[in-house]
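Novice: Sharing a structure here in structure tokens format.
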Amino acid sequence: MYSSPSKDATKPLTLNKTVFLGSAIISIFLIIWTIAFPDYSETLLSSSMAWVSESFGW
């Protein structure tokens, strides 16, 4: 049987500006930081990834 879409399904998507700007600023900062300091960022990000894998691994 076919049912019509709910009213929520036809609403346009909205953008949460606070979440978008916060994540965009953090992303841009990380990109600039890794370009400016590639050796230091590689060391720090590798150790961070290892810690996350060991602490929260499968």
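The values are calculated or read from the model by the stated rules, or taken from the named source; none is laboratory data. Since this is a predicted model, take the numbers as computed values, not measurements. Cβ atoms come from the backbone with ideal geometry, glycine included; neighbour counts cover every protein chain shown. These area figures cover heavy atoms from the full protein model, side chains too; ligands, DNA and RNA do not enter into them. Shrake-Rupley method; radii C 1.70, N 1.55, O 1.52, S 1.80 Å.
Novice: Kindly sort T14, T34, T43 by accessible area of their heavy atoms, largest first, with the probe set to 1.4 Å.
Specialist: Values: T14 130, T34 45, T43 95 Å².
So, going from the largest accessible area down, we get T14, T43, T34.
Novice: Quote the FRET efficiency, to the nearest 0.05, computed for V19 versus S55 with a Förster distance R0 of 30 Å and r equal to the Cβ-Cβ distance. Mind dumping the intermediate values first?
Specialist: Details: r = 26 Å, r/R0 = 0.86.
Efficiency computed from Cβ-Cβ geometry: 0.70.
Novice: What does the accessible area of E54 come to, in Å² to the nearest 10, when a probe of 1.4 Å is used?
Specialist: 150
Novice: For region 31-39, take each phi angle, set θ = phi - 60°, evaluate the Karplus expression 6.51 cos²θ - 1.76 cosθ + 1.60, and give the result in whole Hz per residue in order, putting x for glycine and proline.
Specialist: Along region 31-39, the couplings run 5, 5, 5, 5, 6, 6, 10, x, 5 Hz.
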